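The block underneath contains the structure these notes are about, expressed in structure tokens.
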Amino acid sequence: MKALLVDDEKNVLMVMRHLVNWSELGVEELLEARNGIEALEVVKKESPALLLTDIKMPKMNGVVLVEELRKRGYQGKVILVSGYDDFEFMRKAIQLDTFDYILKPIEPDSFHHTLTRAVEQLKQEKKEALEKENLLKKMKKFQADQLFTSCCLGKSEDMAAMRFVIKEEEEYEVTLLSFYQMNHSKEVIHSLSGEMESKQLGTAFSFVQEDNIGIVISIKGEWLNVEEWLRSNVEAPIRIIQEPLPYIAGLPKVFQNLRTKLDENHYAAIKSIDEIAAKKRIQEIISYVESYYMDDLSLEKLSRLFFLSREHISRTFKKETGKPLSKFVTDLRILQAKKRLTETDESIISISMQLGYQDEKYFSKLFKKIVGMTPFDYRSRQLPYRQHDKITH
């Protein structure tokens with residue numbers, strides 16, 4: 001908490017600074033200003049929760065200062081300090097919604113008592129504001145749970161609203177979570193949702209019709225981060241069933257498939273920490289291959305880079321991608337070859353060498369085997385489309 005002392009007399013500022021133990025009151029930073037104009041700048045920059053100001057000051061007095069602060073929406077506690085026991089000042093203080101009025105010379109016990117009351121009231125207001133904020137968050141989350149549940153059940157009128165939460169341009173996976181004996185699943189899901197949204201991994205919600213069911217909509221490739229959070233924050237068993245979400249409107253169908261699999265006991269469990277780490281490493285390998293597929297890649301090279309055996313990489317790579325490493329690399333290269341043959345005027349020998357094939361004849365033979373025609377024929381067939389694009393654009 002910050003407090004601001006405003007007075008044109010240096011000795012008064014020194015007295016207020018040393019008359020009480022501010023840190024014991026909860027004030028971590030004590031600020032000073034010599035007049036109302038200086039104080040306005042300090043409040044604008046520092047936002048002190050507590051302000052003590054003299055009334056009679058040059059340039060801008062304390063009453064004008066508080067009037068200006070209220071106009072600007074300042075909500076802190078204001079205590080007026082004056083050397084005059086003037087009823088008119090007290091009436092004005094009440095009108096400006098100040099917390100209290102202290103007379104000079106300042107009496108230590110009275111000063112401490114007034115500050116203590118002000119700080120306690122600030123703490124209480126902060127607590128009430130936090131409780132209100134948490135209540136609003138719970139209400140919004142419950143509304144979101146209702147919205148997603150409605151979408152899962154195929155109520156089309158709510159699908160449009162969901163598009164504001166889930167971006168169409170992203171690819172997603174849907175994971176159904178079945179919690180053991182309900183296990184306070186709503187609290188877990190709400191915490192997970194906050195974690196995912198803060199890290200832009202997707203979102204999570206509770207299925208309001210069943211207390212032990214949660215739904216996670218994660219960006220493709222981010223599930224392991226979600227699973228790692230669950231593994232670290234939930235001790236009870238969780239059953240998981242997962243499917244890709246090809247498009248948002250397909251959520252009801254995907255959800256029904258997940259429910260059917262759960263009913264038929266086709267589910268997995270949260271992996272151990274070691275299993276998650278291993279899964280992440282193979283995903284790192286896949287990502288590496290997708291970035292460096294034009295280089296000379298082999299199981300031996302990947303084994304050296306990622307400290308895993310050739311056999312383990314070969315087995316898990318095929319399990320994750322559905323293809324052996326060599327086929328995965330070849331498919332990526334052919335896809336890039338098609339792109340370059342269509343979009344550039346590079347020679348076929350140049351394209352083959354850039355893709356890691358030193359022998360143009362071997363490249364052409366491989367391309368024909370996979371595509372069904374030579375690179376030259378493929379480019380020739382695409383030429384009319386390229387010319388049409390140049391004309392129309």
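The values are calculated or read from the model by the stated rules, or taken from the named source; none is laboratory data. Remember, it's a predicted structure, so these values are computed and weren't measured experimentally. Don't worry about glycine lacking a Cβ; one is built from the backbone with ideal geometry, like all the others, and counts go over all protein chains shown.
Taking the residues in the range 245-273 that are aromatic (F, W, Y) and under 20 Å from V226 (Cβ atoms) as candidates, determine which candidate is surrounded by the most Cβ atoms within 10 Å (Cβ to Cβ).
Top of the filtered list is F255.
Please pick out the residue among V78, V43, V15 that is over 20 Å from L122 (Cβ atoms), at pLDDT 90 or above and of a type in the set (A, V, I, L, M).
Only one candidate passes the filter, namely V15.
Does the range 266-287 contain any residue that is assigned by TED's automatic domain parsing to the domain that holds N225 and over 30 Å from the mean Cα position of the chain (by Cα)?
Looking for residues that are assigned by TED's automatic domain parsing to the domain that holds N225 and over 30 Å from the mean Cα position of the chain (by Cα), one finds at least one in the range 266-287, hence yes.
So, of the residues in the range 210-229 that are touching a Leu at 6+ places or on another chain (Cβ under 8 Å) and not β-branched (V, I, T), which turns out to be nearest to N257 (Cα to Cα)?
G214
Got a number for residues in the range 322-344 being within 11 Å of L355 (Cα to Cα) and surrounded by fewer than 13 Cβ atoms within 10 Å (Cβ to Cβ)?
So the answer is 1.
Which members of the range 313-346 meet the condition of being outside any helix (DSSP H, G or I) and of a type in the set (S, T, Y)?
Scanning the range 313-346 gives a single hit, T344.
Of all residues being modelled with pLDDT of 90 or more and not in a helix (DSSP H, G or I) in the range 358-393, which is surrounded by the most Cβ atoms within 10 Å (Cβ to Cβ)? Just the residue, please.
The qualifying residue surrounded by the most Cβ atoms within 10 Å (Cβ to Cβ) is T374.
Kindly indicate whether E157 is modelled with pLDDT of 90 or more, under 28 Å from the mean Cα position of the chain (by Cα) and not polar (S, T, N, Q).
Criteria not met by E157.
Could you give me the residue pairs with C-beta distances under 6 Å whose first residue belongs to the range 304-321 and is surrounded by fewer than 17 Cβ atoms within 10 Å (Cβ to Cβ), whose second residue is modelled with pLDDT of 90 or more and assigned to a loop (DSSP other than H, G, I, E, B) wherever it lies, and which are 6+ apart or on separate chains?
K318/P324
Quick check: anything in the range 52-67 closer than 21 Å to H113 by Cβ, hydrophobic (A, V, I, L, M, F, W, C) and without any contact (Cβ under 8 Å) to a residue 12 or more places away in the chain?
No, the range 52-67 contains no residue that is closer than 21 Å to H113 by Cβ, hydrophobic (A, V, I, L, M, F, W, C) and without any contact (Cβ under 8 Å) to a residue 12 or more places away in the chain.
Given the criteria closer than 30 Å to Q354 by Cβ and not charged (D, E, K, R), does I313 qualify?
yes
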